[in-house]
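Beneath this line is the structure, given in C-alpha cells, with notes to follow.
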C-alpha cells in the first residue's frame, strides 16, 4: 500500500514538473512570437500572441508590458494603461520594467490631455495623472531624462491651464475676449445710435423753435403791416373828411356870399336851409 502511494506521488510530481515547463515554454514562445509580429507592424497578431502567453501565465510581466505597448499602437489607450497597471502592481516585475510602464502610462495621459486641449477642452485629470506617473517612474529610475522632460512639460501645461480662467485654454480665452469685444462694440453702437437720436431730436426741437419764432415774427410783421395799412386808411379817411369839411366850408361861404348879394339887391333876408 505504501509503495502505491509513493509511486503515485512520484508520478504527480513528474506531471507537475512537466506542466511548469510547458507553461514556461508556452509563455516564452508566445511572447517572442508577439515581439516579432510587433516589429513587423502586425500589431493585432502581436496582441493575440501576448494574450496567449498571459493565458499560460497571467503574472508574466514581459507579456503584460508588451501587450500594453501593442494596445497603445492601436490607440486603445485605456486597455494599454490597464496592462501597464498590471506590471506596476506585479510583484515579480523588476523596478526597471515598472519604471518604463509608469513612463508609458504617463505618455498616454499626456497625449490625452493635449488632444483635449486641441479641441478647446481642459483635461486636468489626465494632466495630473501624467505628472504622478512621471514622478513615480523617476523614483524607480532617476536617470530617465525623457521622463524628466515630459514631467516638466506636463507640469507647465497644468499651471498654464489653471491660470487661464480655471481651465480655459488660450483658444477659449481668445474666443471669450472676442465675444466680449463684440458685445462692447454692440453696446458702443447702441450708445452712438442713442446719442445720434438725441442729437436729432434736439435739432428737430430747435428747428421747430426756429419755425415757431419765424412764424411769430411773420405774424408780428404782418400785424405791423396791417397796422400800417390801417393807419394809412385812417389818415386817408381823415384827409377825405377834412377835404369834405373844407369843401363844405367853401360852399357855405360861397352861398352866404350869394345870399348876401341877393339880399342887398332885394333888401329881404333869406333863410338858408341846409340839405347836407
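Each reported figure results from applying straightforward, stated rules to the coordinates on display, with no laboratory input. These numbers were taken from a predicted model, which means no experiment stands behind them. Heads up, the Cβs are rebuilt from the backbone with ideal geometry, glycines too, and the neighbour counts pull from every protein chain shown.
The table for this structure:
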item: Fewest-first sequence of 110, 241, 158, 102 by Cβ atoms within 10 Å of each Cβ; result: 241, 158, 110, 102
item: Label-point separation, residue 59 to residue 79 (7 Å along Cα→Cβ), nm; result: 2.6
item: Alpha carbon centroid spacing (whole Å) that separates segment 186-251 from segment 101-141; result: 90
item: Average Cα contact separation per residue, segment 95-160, under 8 Å, 6 or more apart, as relative contact order %; result: 38
item: Sequence of 149, 71 once ranked by neighbouring C-beta atoms within 10 Å, starting from the fewest; result: 149, 71
item: Difference of contour (0.36 nm per residue) and Cα-Cα distance, residue 208 to residue 148; result: 13.5 nm
item: Residues 39, 24 arranged by fewest to most Cβ contacts within 10 Å; result: 39, 24
item: Length added when fully stretched, residue 233-residue 184, from 0.36 nm per residue minus Cα-Cα; result: 10.5 nm
item: Point-to-point label distance, residue 246-residue 163, nm (Cα→Cβ direction, 7 Å offset); result: 11.2
item: In range of the label at residue 95: residues from segment 115-147 whose backbone nitrogen is under 16 Å from the point 7 Å along Cα→Cβ; result: 135-145
